[in-house]
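Student: Sending over a structure as structure tokens; questions will come in a sec.
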Amino acid sequence: MTVAGLLDWPAALLATHAAVAHPERTGTVVAAALTDAPVFRNKAFPLSPVPVFVRHDRAELLAEPLARYVELLGTVVARYREHAEVRAFYGLGAAADRLIDADRALGDAPWVCRLDGYLEAGTERLKVLENNADSPAGTLFTARVNETVAAIGRTLSDAPAPTDLTYTGEDRFTDALRQAARESGRCDNPEHIAVLQPAGSPNVESVELVARMRAVGIDAFLADPRAIEVDGAGVRFDGKRVDLAWNKVNTDSWRAYCADSGFVGLWERAVRDTALVHVNPFGSRYVAENKLTLAFVQEPAFAHLFTAQERALVTALLPWARKLTSDAVDDDGTPLAERLLEDPRGFVLKQHYDIRGDGVTIGFDCPPDHWRAMVAHALREGHVVQRKVAPTTYPVVEAGTDQVHAMPISLDTYLFGGRIAGFGSKASRNSKINIFQGGQKLAVHVIAGGDR
């Protein structure tokens, strides 16, 4: 089912007017809110006092198809285990295969994921551009942004009350990790939680998450995954006992660690033979997170591995995508590499794993020589080609001024245990809508139309 018209424009325009009609007051209110607010930024960005208003009735309709898509990601991991030709398509190697095979306590679907998407310009249909299941940012900070902007809205105007589909709650994510532990059957109440980050380079959100967990009585700590110790049925990091590990190491870094066979062996034992609950499981990280999955579920050669309902879901949610190989063709039979050079404005290239948008190349924003070089590189590496989706623009207010900027936005969906937890958003004047590429985070409030 296709869901369109997600934005509540009357609410957006009323809130925008309230914010810019008296800019000095708005600037004062926002400054005061930021003084009182908890930390919610990995990187500095200006805070717009106007949230992205999403209609509750439309957001409810997304719950079922997005849950089915997360389930489908688990099916893809199962197909990876079952079929040699699928493993060849991904080409992950022996270390990944060992870890994927060993890590089954939570099933195959990602327990935590952020489905990054655009609302298609003109229709506001949600298109899922990619799945971030390895270490998605925002699991804590999104709630804080949403709550901070809600407080600003109550001061500036009679803002609509967010519904339960709005991502709020300091402990929303911690509760999801506890639920994952129960679902695994290994631990009813994890008292010792490790947030995995490379030693010496934790991000701000991970530090804040550990602090919040400790504030509610959990023995939480940052841990380098290379410090793992496996002792019988128990796991420790630098001598500290752990029941659950939230793995915030991005997959490219993880793959580099796996050059050490001893490291692979320890983690294989930890996830297979001990009571450790590992979130997300390695199948979710290596396969479901892999951008190749965007193409795999659409490749004609693998259509027989999915039901007609699953293929219809993919068509409704995902932009057209293919793995770029010498044999790949566009729908009309034109060699895909040739089509990319003829029409760069219609396509995006994506590396298998990336963070902060560094592995994405957008054709219309790329000098011709660089685009040709990136197409050649993508062809050698078997990267993903995706048809470009034009995003909807939304009013973003510069607090303290009467300036309103119409900026392209994302609409990103957080799902825990296959269920929608809420939404986040980013805005940017640049072609890549990413906070680390010059963008900013926006609050997202899901509201019922009758609240106005």
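The values are calculated or read from the model by the stated rules, or taken from the named source; none is laboratory data. None of the values given here were measured: they were computed from a predicted structure. So basically every Cβ, Gly included, is an ideal-geometry build from the backbone, and we count neighbours across all protein chains shown.
Student: For ALA199, all conditions in the list (1) surrounded by fewer than 17 Cβ atoms within 10 Å (Cβ to Cβ); (2) hydrophobic (A, V, I, L, M, F, W, C); (3) modelled with pLDDT of 95 or more hold save one; what is the number of the exception?
Tutor: Against the list (1) surrounded by fewer than 17 Cβ atoms within 10 Å (Cβ to Cβ); (2) hydrophobic (A, V, I, L, M, F, W, C); (3) modelled with pLDDT of 95 or more, ALA199 comes up short only on (3).
Student: Now for a separate question. Tell me the residue from VAL264, VAL249, VAL242 that is within 22 Å of the chain's Cα centre (by Cα) and among the β-branched types (Val, Ile, Thr), please.
Tutor: Just a single option satisfies the conditions, and that option is VAL249.
Student: Another question, then. Of all the strands (runs of 3 or more DSSP E) wholly in the stretch 250-361, which have at least 2 residues that are modelled with pLDDT under 95?
Tutor: Strands (runs of 3 or more DSSP E) meeting the threshold: none at all.
Student: Hey, another quick one. Please go through the stretch 210-242 and give me each residue that is touching a helix residue (DSSP H, G or I) at 6+ places or on another chain (Cβ under 9 Å) and under 19 Å from VAL264 (Cβ atoms), ordered by number.
Tutor: PRO225, ARG226, ILE228, GLU229, VAL230, VAL235, ARG236, PHE237
Student: Checking ASP369 against (1) acidic (Asp, Glu); (2) surrounded by fewer than 21 Cβ atoms within 10 Å (Cβ to Cβ); (3) in contact (Cβ under 8 Å) with a residue 60 or more places away in the chain: exactly one of these is not met. Which one?
Tutor: Every listed condition holds for ASP369 apart from (3).
Student: Also, quick follow-up: Which helices (runs of 4 or more DSSP H) does the stretch 131-249 wholly contain that include 2 or more residues that are within 27 Å of ASP273 (Cα to Cα), touching a strand residue (DSSP E or B) at 6+ places or on another chain (Cβ under 6 Å) and in the same structural domain as ILE100 (by TED's automatic domain parsing)?
Tutor: 172-184, 204-215
Student: Being buried (at least 20 other Cβ atoms within 10 Å of the Cβ), over 30 Å from THR123 (Cβ atoms), touching a helix residue (DSSP H, G or I) at 6+ places or on another chain (Cβ under 8 Å) and among the charged types (D, E, K, R) is true for just one of ASP101, ASP97, ASP108. Which residue is that?
Tutor: It is ASP108.
Student: Next up: Can you name the strands (runs of 3 or more DSSP E) wholly within the stretch 405-452 that have at least 1 residues being without any contact (Cβ under 8 Å) to a residue 40 or more places away in the chain?
Tutor: So the answer is 419-427.
Student: In the stretch 99-133, what count of residues is obtained for those that are among the hydrophobic types (A, V, I, L, M, F, W, C) and in contact with a His (Cβ under 7 Å, 6 or more places away or on another chain)?
Tutor: The total comes to 0.
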